[in-house]
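A short worksheet on the structure shown next.
The values are calculated or read from the model by the stated rules, or taken from the named source; none is laboratory data. Owing to the predicted nature of the structure, the values given are computational and were not obtained by experimental measurement. Please note: Cβ atoms are built from the backbone with ideal geometry, for glycine as well, and neighbour counts cover all protein chains shown.
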Amino acid sequence: MFIYPSGSKLHIGHWYNYGPTDSWARFKKLQGYNVFEPMGYDAFGLPAENYAIKTGVHPQDSTLENIKDIREQLKQMGCMYDWDAELMTCVPEYYKWNQWLFLQLYKKGLAYRKNAPVNWCPSCNTVLANEQVQQDGTCERCSTEVERKNLTQWFFKITEYADELLSGLNKIDWPEKTKSMQTNWIGKSTGTEVDFEVEAIDEKVSVFTTRPDTLFGVTYMVLAPEHELVNKITSDERKEEVEKYIKSIQSLSDIERTSTVKEKTGVPTGAYAVNPINGERIPIWVADYVLASYGTGCVMAVPGHDERDFEFAKTFDLPIKKVILEPGTEEKEKLESAYTGTGMMIYSGKYTGRNSIDGKKQITDELEREELGRAKVDYKLRDWLISRQRYWGTPIPVVYCDNCGEVPVLEDQLPIELPYDVEFKPDGGSPLAKNEEFVNAKCPKCGGAAKRDVDTMDTFVDSSWYYLRFLNPKFTDGMFDTELAKNWEPVDMYVGGAEHSTMHLLYARFVHKFLRDIGLVETDEPFAKLRHQGTITNNGAKMSKSKGNVVNPNSFIEEYGSDVFRMYLMFMGPYDLGGDWSDKGIVGVDRFVQKVYQLMTERENFAKDHPSKEKYDVTELNELEKSVYQKVNQSINKYTEEVEHLRFNTAVAVLMELSNELSKSLKGCSEDLQTYALERMTVMIAPLAPHFGEECWELIGNEKLIFDEAVWFEPDRQHW
RNA sequence: GCCGGGGUGGCGGAAUUGGUAGACGCACAGGACUUAAAAUCCUGUGGGAACUUGUUCCCGUGCCGGUUCGAGUCCGGCCCUCGGUACCA
């Protein structure tokens, strides 16, 4: 994953992501693969803008300055990045293609506008990111209570790909936990949509349920407070109470609202609905535990067989009906808690006595026949909201014309450039809204006066296709070079933090599939193999500038060099777990390197003076030579296995064991066998410590660079 | 709350498939070298007990329970902790 340049310094986390990854790439290079290892900058985003609000430094200036510093530090790490392929997302040459992508999605009906709430701080007069809202629901800058405000915003229709995003997981070599998180995030559930007639307004309201077999147990219905029908159906005498309730839950987050430990709240609307299966009249309530964003924003409540409904019914003394019998009991009335399993249906009209598993299908069939419902698949996944009321991002290529309404910009007018002169101090709207020159445009359709969209895109748009742009960042004839892409896609190895599991990694898969559907890529998935690096913490806490607990790698690099520092990070523990930072053990890695260096300097030019054989027959070696020979080959075998699977900690341990053995025994071996051992040792050290590897390679008498030669030795497994 | 990880000596960790728990390293202790120190090298090092002093026994992988000839590993129930939770990226 490319780097996010939020500050000017690389911290240990960056080293932990990029050092070991480069070691893996170098290992592949030595093995003879054609390795393309690029680096770029995810340069748009909120922190640069907040920094600008605080200090007055323009986001573009601070970002470009940071990138300059970061580039120099990346070079210190000794990664074999292809610097010709470097890219950054904040330049028109790049973000032009975000806009182009937007237009393609729009053309296919996959970009659309609808209302969605944002966090609004009435005191700062601005939209806040979730991160800027404190736990108690107040603004991090001024501690004012944050409100929710509805704005018309752009969405990408990722839900159109929900099924394929799910099934595609079977085709890729990703960590099981990541696939499992995406699966749960997409949240596919098969169920039934049931229509309930609402009395008084002569309108139907649909609910989605995975348990149509419990339909006879419905005793009330709940609308999300945001549901559009709430206003319509609420009776006059209830109006005041309902409005008061809706206001009272406005500042709660979805997490708080749906918490099962929080006491249930809600109010009756005074309206009633009719259960289509038995004609029963049930009250309609409004409660915050139902979210407008999932399903239809409305649930049929079955307190006997749903835990949340049970809690709610207990709290408000609503009837609880038992309609499924737990296997192994005859008790048809009492329920200590909601029973959510299957069993025999009871008190269910003609379905009484049937198995609830069959009942599910039969009730759905009946509803379909009567046109009162239908089988339906539902997803938790929501469409991707990409509008941001901010400056530092890609302008959305749409204008609004009095005559023609919403009109996309013509492709040949791209890029819509982000103007430099803008006031980002918050005052109510998107910063771009105040730049007249930017806002006023011509309607592409009628040529009349029009206003540009003043929002910018979510930066996850930038990062959802950059891996394709790497192939040739200077390409001008399209989003990326499709000919090159044919040869290089998908990415063979993608490494980044697990925190991206459900957002970036899902968005990128979605965009890749879309690009396939418009004929730009040929594969179904962007990243064939994915691995996560863990987080390095400091005293158990995530390092961050705001906490002031960032460990600066510089002092260690000065004292031990980048190779030792990088190798120590690899030696610390399993790569995917990360761990708490401690400099306690770095001397051990340093000692190891000194020990190897000693071995090499004692045998300068051995490769020239005593060339090694390719293979040895152990029957012709003495006992000591035989054990050295075996140790060397066992080490190559183990090392290969470990590095291949990113188990760098044990790979380093293999090399330490080998160096201990060689320090003890090498003196007693024939000179050519000594060369044999040192060559192989060097080849294994080089990917982990590239500078030191080259030094050793030269010391023992080689002329060319080891990585230019791409030397690798397969182990001799014959004589174990 | 929900989803997904993690928890093993004084410390970082190893044990790849249910089969000798503690590889490798840090720290510590003793020794060699040295006038001395540093560096380096060698030896020891999970806890406890016994004695015939180099061997035996007991305990031990977050907690409680289970499966198995055998569990760090599998199953059930907890505790703690970390990541995500749709506008940090």
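Name the residue that is surrounded by the most Cβ atoms within 10 Å (Cβ to Cβ), counting only residues in segment A:608-634 that are assigned to a helix (DSSP H, G or I) and among the acidic types (Asp, Glu). So, considering only residues that are assigned to a helix (DSSP H, G or I) and among the acidic types (Asp, Glu), the one surrounded by the most Cβ atoms within 10 Å (Cβ to Cβ) is A:GLU625. The residues of segment A:68-93 that are touching a residue at least 60 places away in the same chain (Cβ under 8 Å) and either assigned to a loop (DSSP other than H, G, I, E, B) or over 29 Å from A:GLY693 (Cβ atoms) (or both), listed by number, are A:GLY78, A:CYS79, A:MET80, A:GLU86, A:THR89, A:CYS90, A:PRO92, A:GLU93.
Screening segment A:52-82 for residues that are of a type in the set (A, V, I, L, M, F, W, C) and more than 27 Å from the chain's Cα centre (by Cα) and picking the one that is farthest from RNA strand B (Cβ to nearest atom) gives A:VAL57. For A:GLU602, state whether it is surrounded by fewer than 19 Cβ atoms within 10 Å (Cβ to Cβ), of a type in the set (D, E, K, R), under 22 Å from A:ASP22 (Cβ atoms) and within 15 Å of RNA strand B (Cβ to nearest atom). Judged against the criteria, A:GLU602 is not a match.
For segment A:567-576, give me each residue that is in a loop (DSSP other than H, G, I, E, B) and either in contact with a Phe, Trp or Tyr (Cβ under 9 Å, 6 or more places away or on another chain) or near RNA strand B (Cβ under 6 Å from one of its atoms) (or both). Answer for segment A:567-576, where residues must be in a loop (DSSP other than H, G, I, E, B) and either in contact with a Phe, Trp or Tyr (Cβ under 9 Å, 6 or more places away or on another chain) or near RNA strand B (Cβ under 6 Å from one of its atoms) (or both): A:MET572, A:GLY573, A:PRO574, A:TYR575. Within segment A:100-120, the residues that satisfy the criterion of being in contact with a Pro (Cβ under 7 Å, 6 or more places away or on another chain) and either over 14 Å from A:SER464 (Cβ atoms) or within 14 Å of RNA strand B (Cβ to nearest atom) (or both) are A:LEU103, A:TYR106. In the set (1) closer than 30 Å to A:ASN50 by Cα; (2) hydroxyl-bearing (Ser, Thr, Tyr); (3) within 11 Å of RNA strand B (Cβ to nearest atom), A:SER555 fails one condition alone, (3).
Just a yes or no: is a residue in segment A:209-222 closer than 26 Å to A:VAL290 by Cβ and of a type in the set (Gly, Ala, Ser)? Among the residues of segment A:209-222, at least one is closer than 26 Å to A:VAL290 by Cβ and of a type in the set (Gly, Ala, Ser), which makes the answer yes.
Condition first: of a type outside the set (D, E, K, R) and free of Cβ contacts under 8 Å to residues at least 60 places away in the same chain. Now tell me which residues in segment A:562-587 satisfy that.
Listed by number, the residues that qualify are A:TYR568, A:LEU577, A:GLY579, A:SER582, A:GLY585, A:ILE586, A:VAL587.
Candidates are the residues of segment A:297-322 that are part of a loop (DSSP other than H, G, I, E, B) and under 34 Å from the mean Cα position of the chain (by Cα); the one that is farthest from A:ASP213 (Cα to Cα) is A:GLY297.
Taking the conditions exactly as written (within 28 Å of A:MET681 (Cβ to Cβ), of a type in the set (D, E, K, R) and without any contact (Cβ under 8 Å) to a residue 12 or more places away in the chain), does A:GLU559 satisfy them or not? In short, yes. Counting only helices (runs of 4 or more DSSP H) that sit completely within segment A:635-709, those holding 3 or more residues that are buried (at least 21 other Cβ atoms within 10 Å of the Cβ), within 16 Å of RNA strand B (Cβ to nearest atom) and touching a residue at least 40 places away in the same chain (Cβ under 8 Å) correspond to A:648-665, A:671-688. Among the residues of segment A:316-346, which ones are of a type in the set (Lys, Arg) and surrounded by fewer than 11 Cβ atoms within 10 Å (Cβ to Cβ)? Result: A:LYS334, single match. Among the residues of segment A:609-626, those identified as under 14 Å from A:ALA677 (Cβ atoms) and in contact with an Asp or Glu (Cβ under 8 Å, 6 or more places away or on another chain) are A:HIS610, A:PRO611, A:SER612, A:LYS613, A:LYS615, A:TYR616.
Among the residues making up segment A:19-43, those that are closer than 30 Å to A:ARG388 by Cα and touching a Leu at 6+ places or on another chain (Cβ under 9 Å) are A:PRO38, A:MET39, A:GLY40, A:TYR41, A:ALA43. Which ones in segment A:208-264 are of a type in the set (Lys, Arg), within 16 Å of RNA strand B (Cβ to nearest atom) and surrounded by 17 or more Cβ atoms within 10 Å (Cβ to Cβ)? Selection gives A:ARG257, A:LYS264.
Out of curiosity, is A:ALA508 surrounded by 18 or more Cβ atoms within 10 Å (Cβ to Cβ), at pLDDT 95 or above and touching a helix residue (DSSP H, G or I) at 6+ places or on another chain (Cβ under 6 Å)? The answer is no for A:ALA508. The residue pairs whose first member lies in segment A:528-539 and is more than 7 Å from A:GLY578 (Cα to Cα) and near RNA strand B (Cβ under 9 Å from one of its atoms), whose second member is at pLDDT below 90 and outside any strand (DSSP E or B), and whose beta carbons are closer than 7 Å, counting only pairs six or more residues apart or on different chains, are A:THR537/A:MET543. Across segment A:21-51, the qualifying residues are those that are outside any loop (DSSP other than H, G, I, E, B) and of a type in the set (S, T, N, Q), and the one among them that is nearest to RNA strand B (Cβ to nearest atom) is A:ASN50.
Hey, does segment A:121-135 have a residue that's more than 14 Å from RNA strand B (Cβ to nearest atom) and of a type in the set (Asp, Glu)? So far as segment A:121-135 goes, no, none of its residues is more than 14 Å from RNA strand B (Cβ to nearest atom) and of a type in the set (Asp, Glu). Of all residue pairs spaced 6 or more apart or on separate chains, those with beta-carbon atoms under 6 Å, a first member in segment A:26-52 that is more than 16 Å from A:LEU646 (Cβ to Cβ) and at pLDDT below 95 and a second member that is charged (D, E, K, R) and surrounded by 22 or more Cβ atoms within 10 Å (Cβ to Cβ) are A:GLU49/A:ARG390. Scanning segment A:131-163 for residues that are surrounded by 16 or more Cβ atoms within 10 Å (Cβ to Cβ), over 22 Å from A:LYS247 (Cα atoms) and either hydrophobic (A, V, I, L, M, F, W, C) or modelled with pLDDT of 95 or more (or both) yields A:GLN153, A:TRP154, A:PHE155, A:PHE156, A:LYS157, A:ILE158, A:THR159, A:GLU160, A:TYR161, A:ALA162. Of the listed requirements (1) assigned to a loop (DSSP other than H, G, I, E, B); (2) at pLDDT 95 or above; (3) crowded, with 16+ Cβ neighbours inside 10 Å, A:GLY109 misses just one: (3).
Residues that are within 30 Å of A:ILE396 (Cα to Cα) and of a type in the set (Phe, Trp, Tyr) do occur in segment A:104-117, at least one of them. Restricting attention to segment A:3-20 and to residues that are surrounded by 21 or more Cβ atoms within 10 Å (Cβ to Cβ) and either in a loop (DSSP other than H, G, I, E, B) or basic (Lys, Arg) (or both), the residue that is farthest from the chain's Cα centre (by Cα) turns out to be A:LEU10. Answer with yes or no whether A:SER23 is buried (at least 18 other Cβ atoms within 10 Å of the Cβ) and either more than 27 Å from A:MET457 (Cβ to Cβ) or of a type outside the set (Phe, Trp, Tyr) (or both). It is true that A:SER23 is buried (at least 18 other Cβ atoms within 10 Å of the Cβ) and either more than 27 Å from A:MET457 (Cβ to Cβ) or of a type outside the set (Phe, Trp, Tyr) (or both). Taken together, the criteria place A:VAL267 among residues that are more than 16 Å from RNA strand B (Cβ to nearest atom), of a type in the set (A, V, I, L, M, F, W, C) and either outside any helix (DSSP H, G or I) or more than 30 Å from A:ASP163 (Cβ to Cβ) (or both).
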